[in-house]
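A.B. asks: First the structure, which I've put down as structure tokens, then a few questions once you've had a look.
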Amino acid sequence: MQEAISITQISKSYERKIALSSLSFTVNKGELVALIGPSGAGKTTLLNLLAAILPPSQGHILIDRQPLSELMDHKKRAKKIGIIRQQFDLVGELPVIHNVLAGRLSEWGIFKSILSMLVPQDKEYAVQALIRVGLTDKLYEKTSSLSGGEQQRVALARLLVQSPEIVLADEPVASLDPARAEDVLELLVKIALEENQTLIASLHSVEYARKYFDRLIALKDGEIFFDLPASSVTDDHINSLYRLKELS
Amino acid sequence: MQEAISITQISKSYERKIALSSLSFTVNKGELVALIGPSGAGKTTLLNLLAAILPPSQGHILIDRQPLSELMDHKKRAKKIGIIRQQFDLVGELPVIHNVLAGRLSEWGIFKSILSMLVPQDKEYAVQALIRVGLTDKLYEKTSSLSGGEQQRVALARLLVQSPEIVLADEPVASLDPARAEDVLELLVKIALEENQTLIASLHSVEYARKYFDRLIALKDGEIFFDLPASSVTDDHINSLYRLKELS
Amino acid sequence: MDKRWLNFELHKRKILTLILLLAFMLSLFFVEWHSNLIHSGGFITAKQIAAAFFTPDLSGDILLLALESSWTTLSYAAAGMSLVIIIAFFFGIFASGILVSEGKIKRYIRPLFRGQLGIMRAIHELVWAWLFVASIGLSSFAAIFALAIPYGGILGRIFADMLEDIPREPIKALEAAGASKIQALWYGYLPMVRASITSYAMYRFECAIRSSAIMSFVGIGGLGYQIQLSLDDLHYDEVWTFVFFLIALVLIIDLWSNQLRKRLVQ
Amino acid sequence: MKKYKLSFVTASVYALLLLMIGSWASIIIGEKASLSLLFTEKNLFYASKFFKGLLGINEESPAYLNAENWKNALDLTIETLVMSVMATGFATIAALLTVVPAARNVADGSLTLAKKWHGWLSFGVVRGGYIFSRAVPELVWAMIIIFIFKPGILPGAIALALHNFGILGKLFAEVIEDLDSRPVRNLSSSGAGRFQLFLYGVLPAALPRFLTYILYRWEVIMRTTIVVGFVGAGGLGQQFKLSMSFFHYTDITLLLFFYLLLVFAADYISEKARIFIK
Amino acid sequence: SDNGTDEGQKDTITETIKIGAIPDQNAADLNRSMEDFAKDLEEKTGLNVEYVPSVDYSALVTAFERGEIQLAWFGGLTGVQARNLVPEAEAFAQRPIDEKFKSVFIASSDVNIDGLEDLKGKSFTFGSESSTSGHLMPRYFMMEAGIDADQDLDGKPNYSGSHDKTYKLVESGAFQTGALNISVWEAAVKEGKVDESKVKVIYTTPEYYDYNWTLNKMDAETKATLKEAILSMTSEDNEIMELLQTDKFIETKNENYEAIEKVAKQLKIIK
Ligand SMILES: Nc1ncnc2c1ncn2[C@@H]1O[C@H](COP(=O)(O)OP(=O)(O)OP(=O)(O)O)[C@@H](O)[C@H]1O
Ligand SMILES: Nc1ncnc2c1ncn2[C@@H]1O[C@H](COP(=O)(O)OP(=O)(O)OP(=O)(O)O)[C@@H](O)[C@H]1O
Ligand SMILES: [Mg+2]
Ligand SMILES: [Mg+2]
């Protein structure tokens, strides 16, 4: 099987805080990986490192056997890796269509992007993507006026338009009610399978992680606590993962 | 058994929206009730009506067989009913101790409240309450600098100081990680049992509702969907409660 | 008492309030309150001025003059603002440093433009006006430039601050989706600050009207000039007429900007 | 097909553009202003002569080389500083005393959960006062005030305060309107009275913004002190106007120097004072 | 660059003669009269004449320096300032009263005051700070009488901006005392503009030279035409004569104003 991501001895520290300490693992093409772990474990940090939004303090990240640090042209990088991080990632002031079309910015020159603000370009991409996430009628709605679940789907639509090989998702379903949460996860997994994408998502809910993903990587205090196929994770594993240090 | 709350034919409508339509039920003293239901069902509205933060459009609310509308002196009302609604209820700019002592404002005159701003008064109350919620060392911390879970506990401490007969809690554990969520719920229930308080809490998680409460009242579209003892709620009940109308 | 209660962090605002209060009280000692501070006829004059407030001069030619002067005042303000917007847009973007990546260039570009904006707004528009009149002569442009420079400085600085203060997540997401700096500006920064910068610019427009009114001091006509003339002739009733026109102008802009803001943020 | 709900906004943009074009047209045509006449050799000559004058080139005894002048300017600088502080103080006190009824959410009772019959009446009166006070520029206030008060720093401070009262009042009222009402309401439901609500709910949340605005207005007032001086309200401005009339250019340089010193000092101090606010 | 100035100068001369006047009294009256004067001068000389209003004294002097004004009605001090800046400029005409001009000190009638010495401790207003008869000479005579205007009065002296405003401020009681131009004062008395039961004259100064018409540097021919036209004007010709309270203009010369320059230097108004 082909390696999609391989990280070796990655560390990340903020001024006073070590968020990740020498992490190593490999993810194959087409794998569905869930990142779990208590609050502050380093899930967001790890995903941001993979998306090159943050630089690592130490260690190497290989994407398709190529060092991530050499993928400096972010137009090209956008074709490889895409990230969705809840509704915060959308520009609330713009209509939905522009937020979705932002997935095509890597293809556009300056002139076309300025023009698109006035008359949306490549519209059919956005329409297709929105149909797939079930939001056909909201094309010209102001994004911030949508409900949380709808915004989540707009972010998903952007990712569809961008269609990267690797999809990173940071708590894609936090703050959605149970029905909507499953809906979004299902869609995310379905698309990943259809397009043969590699998917890495961080989740708070162990239940969902087990249900939708092949492999669970648990982080705790910046280290890998376990890294197992979904089927072999036991309740004991989970209990010790989330155990509080200080009981009050 | 003694009736703590009795509501008859309560309705509440906002300008364009009917949030609650003719609800009736009774809660006995010492009961532990969970309010569940999908987003927008009317849980928050109902709790705000009970706390007299909103006036009902129609219907009557009796607290201890007394109409709520006659409990107009809010110093007295504060002794009967207290509400906690996530961290939003705290004044973030004040140190923790003042937020906790706010539970005693109903006892204080103007002079004592001004004095307390300079030198905290009745400090032992706050200390006791904070010990009980496990936050002894944060007495003089600025409240907004605390983590979400800690702020939740400060709100709880205020409620302890206020020590009302009826405790209302609106999604007290939303946005807490699983371990911390259970921690807070356990504490809330424990205190209610110890002080023989009546507890009504709205929750998104059915699992927790079943685990910690005696009775589940489910709301949907402003009406009671079911009202059952925790033990007799089945998965079918839950599934039909949260079913989405439009599947995408 | 508990030592932690004496923490600076807890009381710093109270301390600042106290310092400000002290400074104010100290300033009061500079005025000799015992000597009579009002002209011997000051009260009478005050009464006359107050009485005229209720009987403004509403005769036809005064109203016509007021209308004409209102247009002059408004047009100088609007012309000035058109330059202000251009200045603020370009200077603001450079002063916020969002177009250059972290590193050496940013370390120089940002303070350079911020300093430039600082100097522009340090000097009051009337002083600028006087500097212009004394150097390039009495001309309409002197007044317009005098208005545009300090206002450009203020608006540019606010624009830069707004650009720097917006949440980073959407921008990072755009960049992760392959957007260049200019595309990020166009699709992220500008839409996100649009509502707040518009309402601030409208507020500045309102201020510009007042400033353009007082440009009479360097020879531009308009409401301020008329007020000055009427005051020179001690015609308080005319003064109030012109002042009411000025208030009306300001009020219209204020209402307009309120409506605009309401619609932009909704 | 397009459903941008921007009709009012778009209309406003067009109206503003039209206004700007119309203004330029009326200035250029009506007043015969011409940009090309501005950049003539003649203007260049006078501009450079003027700046040479400011720098005191070819002058035997520039004012800035004379200790007496420095002392005078320093006195005026202190006077100006005092005037600005006094003006800020007056404006702040007046605004604080009136601000509570001027907040919309107090008037309609939604902040404190207590509605009063006179809520909207006092709201209207106070807000009307704010508009009146801030619509009139400081300079015009000064021209009027100077009829009543003797020349000196007091009329200057009063004129500045009159204008800034309306601005601060409006800003303060908006702060209260923007407050998160949830903590205040919760305090109310845990038994706090009206005054306790203000003390424990409104003030702690609003104070930082209040302080920020006070400092910000102080900076602005500092810049404006020079202008009220033009009409005789004391400080650096009055001397500035006299020196202008007598063509004492090097005096002006000295005064401008002190003026800028004050302005930058005010910026610096208020920047540092913000450490106390954060 | 000197060349540049001359060029600018020539341009404007061939086009129009721009005239100005110090705004020392009621602006509306002054503007109306000067417009009328400009029209008359245009007819008399066949030149193109245009009146340019000025906001204050120093603005007129600056405009004169820059060659934007060719002919100006100056006060004694402003004339001196202008001729210092443009040495070629020439004061050529004045009213008969300007040879022996005076200022009056006035006081509110309820104030007990007899002479200049009694000004001590009273509130006081000058006219414009650039005015000869409203500021320079009154300040000079006060100094002669042993009064330092900046120290000995009640508070600092006020600068009202114009002579009209000075007597109005004293009449209204805003200031106890003030000083202004005698011709404005007499006109106000004659036309009943001032209520003499409220204001009284307490002192009239000795004579000095004041207002004058000054010509900017220009070619000799135009100069002669303008001189001739103004010196031959009579009171029926235009409204300015009435406003300025005169029936003709007489010749004067720059040297007449040396005394004023000396006083201004003594008072450190001119350096
Ligand atoms: N910009 C930053 N500066 C300093 N510390 C940071 C920063 N970002 C994150 N941290 C710290 O790094 C650690 C890991 O943070 P991270 O956001 O990766 O956690 P997480 O696993 O995503 O938690 P959550 O489930 O709450 O989102 C935390 O202790 C956090 O406080
Ligand atoms: N102030 C208001 N004005 C208008 N409509 C409101 C207002 N507050 C609530 N609503 C509407 O009333 C309905 C019930 O709202 P409520 O907040 O009680 O729901 P909820 O059950 O608490 O939902 P959630 O689980 O999302 O908190 C919703 O449809 C909501 O949109
Ligand atoms: Mg995270
Ligand atoms: Mg709710």
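A.B. asks: Among the residues of segment A:154-166, are any of a type in the set (A, V, I, L, M, F, W, C), away from ligand 3 (no atom under 16 Å from the Cβ) and part of a loop (DSSP other than H, G, I, E, B)?
C.D. replies: No; the residues of segment A:154-166 include none that is of a type in the set (A, V, I, L, M, F, W, C), away from ligand 3 (no atom under 16 Å from the Cβ) and part of a loop (DSSP other than H, G, I, E, B).
A.B. asks: Evaluate segment B:239-248: report whether one residue or more is in contact (Cβ under 8 Å) with a residue 60 or more places away in the chain, over 14 Å from the mean Cα position of the chain (by Cα), assigned by TED's automatic domain parsing to the domain that holds B:I53 and open to solvent by less than 60 Å² (accessible area, probe 1.4 Å).
C.D. replies: Yes, there is a match, as at least one residue in segment B:239-248 is in contact (Cβ under 8 Å) with a residue 60 or more places away in the chain, over 14 Å from the mean Cα position of the chain (by Cα), assigned by TED's automatic domain parsing to the domain that holds B:I53 and open to solvent by less than 60 Å² (accessible area, probe 1.4 Å).
A.B. asks: Working carefully through the options E:P87, E:P53, find the one that is open to solvent by 50 Å² or more (accessible area, probe 1.4 Å), under 15 Å from the mean Cα position of the chain (by Cα) and over 17 Å from E:Y211 (Cα atoms). Working first, answer last.
C.D. replies: On the way: E:P87 fails: under 15 Å from the mean Cα position of the chain (by Cα).
The match here is E:P53.
A.B. asks: Also, I was wondering about something else. Can you find even one residue in segment C:226-245 that is in contact (Cβ under 8 Å) with a residue 40 or more places away in the chain and acidic (D, E)?
C.D. replies: Taking every residue of segment C:226-245 in turn, at least one turns out to be in contact (Cβ under 8 Å) with a residue 40 or more places away in the chain and acidic (D, E).
A.B. asks: Still on this structure, please answer the following. For segment E:18-39, name all the residues that are part of a helix (DSSP H, G or I) and either of a type in the set (A, V, I, L, M, F, W, C) or crowded, with 18+ Cβ neighbours inside 10 Å (or both).
C.D. replies: E:A27, E:A28, E:L30, E:S33, E:M34, E:D36, E:F37, E:A38
A.B. asks: Still on this model: Given the structure, is A:S106 hydroxyl-bearing (S, T, Y), out of contact with any Leu (no Cβ under 8 Å at 6 or more places or on another chain) and within 9 Å of chain C (Cβ to nearest Cβ)?
C.D. replies: Criteria met by A:S106.
A.B. asks: Which of the residues belonging to segment B:220-238 are within 13 Å of chain A (Cβ to nearest Cβ) and surrounded by 12 or more Cβ atoms within 10 Å (Cβ to Cβ)?
C.D. replies: In the first step, residues of segment B:220-238 are kept if they are within 13 Å of chain A (Cβ to nearest Cβ); the result is B:220, B:235, B:238.
Hits for segment B:220-238 are B:K220, B:I238.
A.B. asks: Could you run through segment E:228-266 and say how many residues are farther than 16 Å from E:W73 by Cβ and surrounded by fewer than 17 Cβ atoms within 10 Å (Cβ to Cβ)?
C.D. replies: Number of matching residues: 13.
A.B. asks: Between a residue in segment A:16-37 that is within 14 Å of chain B (Cβ to nearest Cβ) and touching a residue at least 40 places away in the same chain (Cβ under 8 Å) and any residue that is more than 15 Å from ligand 1 (Cβ to nearest atom) and not in a strand (DSSP E or B), which pairs come within a Cβ distance under 8 Å, given they are 6 or more apart or on different chains?
C.D. replies: none
A.B. asks: For the condition open to solvent by 30 Å² or more (accessible area, probe 1.4 Å) and under 27 Å from E:S131 (Cβ atoms), what is the one hit in D:F276, D:F247, D:F264?
C.D. replies: Answer to the check: D:F247.
A.B. asks: Can you tell me which residue is surrounded by the fewest Cβ atoms within 10 Å (Cβ to Cβ) among those in segment A:141-156 that are away from chain C (no Cβ under 12 Å) and away from ligand 2 (no atom under 16 Å from the Cβ)?
C.D. replies: The extreme case among them is A:E141.
A.B. asks: Same structure again: Does segment A:193-215 hold any residues that are more than 14 Å from chain B (Cβ to nearest Cβ), open to solvent by less than 70 Å² (accessible area, probe 1.4 Å) and either assigned to a helix (DSSP H, G or I) or more than 16 Å from ligand 1 (Cβ to nearest atom) (or both), and which are they?
C.D. replies: Answer for segment A:193-215, where residues must be more than 14 Å from chain B (Cβ to nearest Cβ), open to solvent by less than 70 Å² (accessible area, probe 1.4 Å) and either assigned to a helix (DSSP H, G or I) or more than 16 Å from ligand 1 (Cβ to nearest atom) (or both): A:Q197, A:T198, A:L199, A:Y212, A:F213, A:R215.
A.B. asks: From (1) open to solvent by less than 10 Å² (accessible area, probe 1.4 Å); (2) more than 16 Å from ligand 2 (Cβ to nearest atom); (3) modelled with pLDDT of 90 or more; (4) not assigned by TED's automatic domain parsing to the domain that holds B:Q128, pick out the condition that doesn't hold for B:L20.
C.D. replies: The failed condition is (2).
A.B. asks: Taking only pairs six or more apart or across chains, which ones have beta-carbon atoms under 6 Å, a first residue in segment A:176-192 that is part of a helix (DSSP H, G or I) and at pLDDT below 90, and a second residue that is within 16 Å of ligand 4 (Cβ to nearest atom) and open to solvent by 10 Å² or more (accessible area, probe 1.4 Å)?
C.D. replies: Pairs that qualify, where the first residue is part of a helix (DSSP H, G or I) and at pLDDT below 90 and the partner is within 16 Å of ligand 4 (Cβ to nearest atom) and open to solvent by 10 Å² or more (accessible area, probe 1.4 Å), are A:P178/B:Y242; A:A179/B:Y242.
A.B. asks: Hey, another quick one. Can you tell me which condition D:T80 does not meet? The list is (1) open to solvent by 80 Å² or more (accessible area, probe 1.4 Å); (2) of a type outside the set (D, E); (3) on the phi < 0 side of the Ramachandran plot, and all the others hold.
C.D. replies: The single condition D:T80 does not satisfy is (1).
A.B. asks: To continue, here is another question. Quick check on this structure: which one of B:R65, B:R85 is open to solvent by 20 Å² or more (accessible area, probe 1.4 Å) and away from ligand 4 (no atom under 14 Å from the Cβ)?
C.D. replies: B:R65 is the lone residue from the list that is open to solvent by 20 Å² or more (accessible area, probe 1.4 Å) and away from ligand 4 (no atom under 14 Å from the Cβ).
A.B. asks: Answer yes if at least one residue in segment A:135-143 is more than 16 Å from ligand 3 (Cβ to nearest atom) and either assigned by TED's automatic domain parsing to the domain that holds A:K43 or of a type in the set (G, A, S) (or both), and no otherwise.
C.D. replies: Taking segment A:135-143 and keeping what is more than 16 Å from ligand 3 (Cβ to nearest atom), we get A:135-143.
When the remaining residues are screened for being either assigned by TED's automatic domain parsing to the domain that holds A:K43 or of a type in the set (G, A, S) (or both), the result is none.
No, segment A:135-143 contains no residue that is more than 16 Å from ligand 3 (Cβ to nearest atom) and either assigned by TED's automatic domain parsing to the domain that holds A:K43 or of a type in the set (G, A, S) (or both).
A.B. asks: Turning to a different aspect of this structure: Provide a single number: the residues in segment C:11-55 that are over 30 Å from C:S230 (Cα atoms) and at pLDDT below 75. Talk me through it step by step, then tell me what you get.
C.D. replies: Let us first name the residues in segment C:11-55 that are over 30 Å from C:S230 (Cα atoms), namely C:11-35.
If we keep only those that are at pLDDT below 75 too, we end up with C:34-35.
The number of residues fulfilling the criteria is 2.
A.B. asks: Which condition number does C:D61 fail, the rest of (1) open to solvent by 20 Å² or more (accessible area, probe 1.4 Å); (2) within 11 Å of another protein chain (Cβ to nearest Cβ) being met?
C.D. replies: (2)
A.B. asks: Kindly state which helices (runs of 4 or more DSSP H) lie completely within segment A:9-114 and contain at least 3 residues that are away from ligand 3 (no atom under 16 Å from the Cβ). Show your work before the answer.
C.D. replies: Numbers: elements: A:43-50, A:74-80, A:96-101.
The helices (runs of 4 or more DSSP H) meeting that bar are A:74-80, A:96-101.
A.B. asks: Restricting to segment E:56-84, and then to whatever is in a loop (DSSP other than H, G, I, E, B) and in contact (Cβ under 8 Å) with a residue 60 or more places away in the chain, can you tell me which residue is surrounded by the most Cβ atoms within 10 Å (Cβ to Cβ)?
C.D. replies: Checking each candidate, the answer is E:G75.
A.B. asks: Mind telling me which of the residues E:L60, E:L119 ends up being away from chain D (no Cβ under 14 Å), in contact with a strand residue (DSSP E or B) (Cβ under 7 Å, 6 or more places away or on another chain) and of a type in the set (A, V, I, L, M)? Before the answer, list the steps.
C.D. replies: Working: E:L60 fails: away from chain D (no Cβ under 14 Å).
After ruling out the rest, the residue left standing is E:L119.
A.B. asks: If you check A:G59 against the conditions, is it open to solvent by less than 50 Å² (accessible area, probe 1.4 Å) and either among the hydrophobic types (A, V, I, L, M, F, W, C) or under 18 Å from the mean Cα position of the chain (by Cα) (or both)? Before you say what the answer is, go through the steps one by one.
C.D. replies: Details: open to solvent by less than 50 Å² (accessible area, probe 1.4 Å): yes; either among the hydrophobic types (A, V, I, L, M, F, W, C) or under 18 Å from the mean Cα position of the chain (by Cα) (or both): no.
Answer is no for this residue.
A.B. asks: Quick one: which helices (runs of 4 or more DSSP H) sit completely within segment D:80-150 and have at least 3 residues that are within 30 Å of D:F230 (Cα to Cα)?
C.D. replies: Working: elements: D:104-107, D:119-135, D:138-145.
Result: D:119-135, D:138-145.
A.B. asks: Please work out if A:S163 is small (G, A, S) and more than 16 Å from ligand 2 (Cβ to nearest atom).
C.D. replies: yes
The values are calculated or read from the model by the stated rules, or taken from the named source; none is laboratory data. Just so it is clear, the model here is predicted, and its values are computed rather than measured. Methodologically, a virtual Cβ is constructed for each residue, glycine included, from the backbone with ideal geometry; neighbour enumeration extends over all protein chains shown. Surface accessibility is based on the protein's heavy atoms, side chains included, excluding ligands, DNA and RNA. Shrake-Rupley method; radii C 1.70, N 1.55, O 1.52, S 1.80 Å.
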